[in-house]
1. Calculate how steeply helix 146-159 sits against the longest principal axis of the alpha-carbon atoms of the chain, using the helix alpha-carbon long axis, and give the answer as 0 to 90 degrees to the nearest 10.
2. Averaged per residue, what accessible area in Å² does the chain show with a 1.4 Å probe, protein chains only?
3. Which one of A74, S23, L229 has its Cα pushed farthest toward the positive end of the charge dipole of the chain, where Lys and Arg give +1 and Asp and Glu give -1 at the Cβ?
4. As an exercise, use a Förster radius of 45 Å and the Cβ-Cβ distance of E294 and N81 to find the FRET efficiency, rounded to the nearest 0.05.
5. Relative to the longest principal axis of the chain, what angle (0 to 90°, nearest 10) does the C-alpha long axis of helix 240-257 take?
6. Within 10 Å, count the other beta carbons around each residue, average over each peptide in 142-148, 19-25, and list them highest first.
7. Excluding same-chain residues fewer than 8 positions from K162, which lysines have a Cα within less than 30 Å of its Cα?
8. Over the chain, what is the percentage of antiparallel beta bridges among all DSSP beta bridges, to the nearest 5?
Amino acid sequence: MSATKESVGFIGVGLMGQGMAQSLLNKGFPLTVMGHRNRKPVETLVAGGAREAKTPRELAQNATIIFLCVTGSAQVEAVVNGPDGIVAGAAPGTVVVDCSTSDPTVTVRIAAELEAKGLHLADAPLGGTPAQAALGQLSAMVGTTPEVFARIKPAIEAWAAKVVHLGPVGDGHKMKLLNNFLSMGYAAIYAEALTLASKIGITPQTFDSVLRGSRMDCGFYQTFMQYVLERDRDAHKFTLVNALKDVRYLESVANAAGVPNPIGNAVKNSFARAVAAGKSDDYVPMLSDFIAAENGVSLGRKG
């Protein structure tokens with residue numbers, strides 16, 4: 001059975017990528033990974049049966065489906081078209097699957113460039129957390145042709161419990177930016193609401209006692225508040241600088257569509273202030289501490 005599985009390459013075995021790559025191994029896919037600045041995930045995957053490639057070109061020579069889980073469009077372009085890039089090593093028919101949160105306009109352009117060379121691009125950005133990635137329980141919103149989708153779906157299902165084919169290339173990234181606009185918007189609102197609550201004598205614990213289990217409760221609220229209430233730094237491991245990148249991409253999409261984006265701009269500025277203050281590597285729920293500190297209050301439990 002495993003002999004019928006396509007060979008998979010994976011570039012970007014970071015917070016999300018390691019769990020995704022491990023899930024591919026667990027489902028029996030032949031896997032090649034590329035070296036990462038953090039060696040531990042690579043060594044763990046190699047110990048589990050993956051092989052390591054030194055460059056995107058070498059990886060592409062050993063894979064017919066290549067997943068990218070990198071920061072954004074600039075990094076995707078570098079691994080695809082750069083010196084020793086995927087294009088230099090990929091055989092005709094190879095599918096590159098961009099799981100990053102990228103700029104849809106760039107995604108569509110790269111897809112056209114690859115098609116002209118006999119290669120294919122699909123966008124399959126993610127929904128979920130690193131913990132869900134490790135369990136193979138992410139969601140994927142996929143943009144590609146029906147034919148390419150049929151090829152890549154079994155590999156995506158190794159790490160995703162929910163796989164939705166939205167339409168042509170670019171639609172996955174468009175939907176992901178809309179999704180992240182909502183989630184980062186919630187983060188900005190929660191941070192401001194908790195700060196105001198604290199300023200007027202309502203503790204985070206009291207705030208949560210009303211919201212939890214109400215119509216305003218949701219999975220994102222719960223991981224956000226897991227940090228606020230329990231100081232669990234790893235409750236939602238998504239950095240403020242990546243959040244800022246995503247809402248800036250959304251702003252670009254809105255500008256191109258001619259749609260005013262005033263709430264998006266307000267959300268962007270909440271994250272931009274925190275990043276400008278040196279908080280780039282803090283995780284999204286920690287925006288609450290930054291907004292609170294700006295207003296002279298602390299959300300941490302006293303005593």
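The values are calculated or read from the model by the stated rules, or taken from the named source; none is laboratory data. This is a predicted model, so every value here is computed, not measured. We place every Cβ from the backbone using ideal geometry, glycine too, and count neighbours over all the protein chains shown. Keep in mind that these areas ignore ligands, DNA and RNA; they rest on the heavy atoms of the full protein, side chains included. Shrake-Rupley method; radii C 1.70, N 1.55, O 1.52, S 1.80 Å.
1. 60
2. Details: 13670 Å² over 303 residues.
Accessible area per residue, the chain: 45 Å².
3. L229
4. Values: r = 41 Å, r/R0 = 0.92.
The calculated FRET efficiency here is 0.60.
5. So the helix axis and the longest Cα principal axis differ by about 80 degrees.
6. Values: 142-148: 19.0, 19-25: 24.4.
Order by mean packing, descending: 19-25, 142-148.
7. Straight-distance partners of K162: K5, K27, K40, K153, K174, K176, K237, K245, K268.
8. Numbers: 4 of 28 bridges.
Here the antiparallel bridges make up roughly 15 percent for the chain.
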